[in-house]
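To start, the structure under review is shown below, and the notes come after it.
The values are calculated or read from the model by the stated rules, or taken from the named source; none is laboratory data. None of these values were measured; they are calculated from a predicted model. Methodologically, a virtual Cβ is constructed for each residue, glycine included, from the backbone with ideal geometry; neighbour enumeration extends over all protein chains shown. Quick note on the areas: whole protein, heavy atoms, side chains included, nothing else; ligands and nucleic acids left out. Shrake-Rupley method; radii C 1.70, N 1.55, O 1.52, S 1.80 Å.
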Amino acid sequence: MAWDIGLFRQKASKPQNQLFQQSRLQLAAWYAGVMGVILALLGFGMYRAIAHAHAVTIDREIQSVADALKNALKVTLADEQQLKQLPPQLLPDLCLGDQRCLEPIQQTSSPYLQGYYIRIISPAGELLATAGARPQGIPVAIPTETLQTVWDDSNQHYHQVAVELFPNVAPTITPTALEPESWAYLVVGRSFQDFDEYLASVRWRILLGLLLALTLVAPASWWLATLAMRPIYRSYSQIQQFTADAAHELRTPLAAIRATVESVLRLPHLSEADAQDTLGVIHRQNQRLSNLVSNLLLLSKLDIQAYPPKQAPCNLVDLIHDIAEEMAAFALQKKIALDIDVQTDSTATVLGDEENLYRLLLNLVNNALTYTPEDGRVTLTLQQQQQQALILVTDTGVGIAPEDQAKIFDRFYRVDTARSRQTGNSGLGLAIATAIAQAHKGTITVASQPGQGSTFTVSLPISS
């Protein structure tokens with residue numbers, strides 16, 4: 001059944017299909033919402049990973065600079081008295097604590113100290129010397145942790161690393177000797193302004209990327225919802241059509257029974273012959289109703305797969321001979337030759353429900369005999385191609401027009417409605433045959449030309 005978005009929109013505008021339109025909208029909203037949450041979580045995780053990686057990298061850089069300065073100062077300085085004798089090449093911008101330093105600077109003439117501030121603090125918490133950048137507002141105190149985060153007057157945050165400076169004395173080998181106490185703390189820090197600006201740009205990029213992704217997710221969600229609703233809408237349409245067709249088929253014999261009974265009731269006297277005729281009509285219509293109900297129940301079972309095919313070996317050669325034997329009388333009555341052509345040496349055994357497979361072939365042969373004129377021929381051919389058994393039902397009947405070949409397997413579809421009703425055909429035979437073949441993992445195809453007959457081919461997997 002052809003179906004596209006345009007057809008969906010056209011039909012969804014009708015009141016009876018508003019539920020599908022609303023369901024599609026809700027489904028699209030759920031798709032977009034779930035994708036939005038997933039993308040937001042991914043974006044947040046990416047942002048946190050980038051921020052953590054850069055923060056760790058900068059902290060390691062600060063630690064590396066602090067360790068390098070500590071090693072250099074350890075060779076040169078033994079106590080705070082030697083700060084005045086510190087070579088200018090080591091800390092060119094050094095400013096002792098008792099001196100009036102220049103205005104705060106942001107750069108130092110030492111390349112490896114670019115952007116850093118250096119402080120030497122006594123164990124009593126006094127500022128002994130500074131070098132490099134001189135941010136305002138960062139308190140001078142004894143560091144309590146190796147790595148600290150501090151803020152200046154402009155609320156800009158800094159990371160700083162503190163290491164201890166010990167006197168430069170010869171090591172002793174006395175086991176009880178204690179390590180000398182540190183004479184100062186070396187504090188090295190740097191501003192995180194560039195880091196914050198970079199993270200701000202990352203946040204904006206992630207946000208813009210998320211918004212762009214959502215603009216693509218919204219139509220994609222609508223399209224996915226359309227695809228998801230497509231089989232549901234198709235099934236709903238088929239159920240509606242099936243219900244209407246079934247009601248029409250049931251109404252016809254019921255109306256015939258009702259008309260027959262009402263006509264008899266209006267007669268003042270009912271002869272035995274009239275009674276026999278009336279009962280005959282009622283019996284035929286009742287038989288028609290019974291067959292129709294049985295076919296509908298079988299289709300229902302095959303649709304919901306409540307009764308899967310029995311996994312029993314079925315000999316197709318014997319099955320074809322049984323079909324030919326049963327339909328021989330009907331073929332003789334219509335003056336049609338019914339032939340069998342077995343083109344395989346094996347038994348062509350398949351796994352399945354023999355009763356349903358019998359019904360499948362019986363429906364095909366019955367249709368072939370029904371639509372083949374006198375002096376025609378119907379041939380049942382059994383072939384084997386690799387692991388597939390092919391059963392061909394070929395007739396020399398009226399044939400099927402190309403525009404009808406794709407519809408004959410639909411339920412209640414008849415090529416010749418008037419003739420079908422005369423023969424009692426409800427239009428379910430080929431639908432049942434197709435359902436049985438599919439339940440056995442097989443297929444049915446048709447090749448036909450008007451006036452030259454038809455060939456129905458059943459393909460079933462052979463059991464190993």
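Solvent exposure of the range 211-272, expressed per residue, is 67 Å² of accessible area, with all protein chains present and a 1.4 angstrom probe.
From most to least packed by mean Cβ count within 10 Å, the peptides 206-215, 246-255 give 246-255, 206-215. The eigenvalues of the Cα gyration tensor, multiplied by 5 and square-rooted, give the range 142-289 an equivalent ellipsoid with semi-axes of 104, 23, 11 Å from largest to smallest.
The value given for the range 223-351 is a Kirkwood hydrodynamic radius of 20.1 Å, derived from the mean inverse Cα-Cα separation.
Restricting things to alpha carbons, find the Rg to Rh ratio for the range 301-392 using the Kirkwood radius for Rh. Checking Rg against Rh, the ratio lands at 1.01.
When the solvent-accessible area of the range 176-265 is split by element, carbon and sulfur atoms take up 67 percent of it, the probe being 1.4 Å.
Computed on the range 196-278, the Cα convex hull volume stands at 97 Å³ per residue. For the listed peptides 393-402, 150-159, 343-352, a ranking on the average number of other beta carbons within 10 Å per residue, highest first, reads 393-402, 343-352, 150-159. Think of a 1.4 Å ball rolled over the protein heavy atoms: the range 275-380 then has 56 Å² of accessible area per residue. Rounded to the nearest whole angstrom, the semi-axes of the ellipsoid equivalent to the range 16-73, taken from the Cα gyration tensor as √(5λ), stand at 56, 4, 4, largest first.
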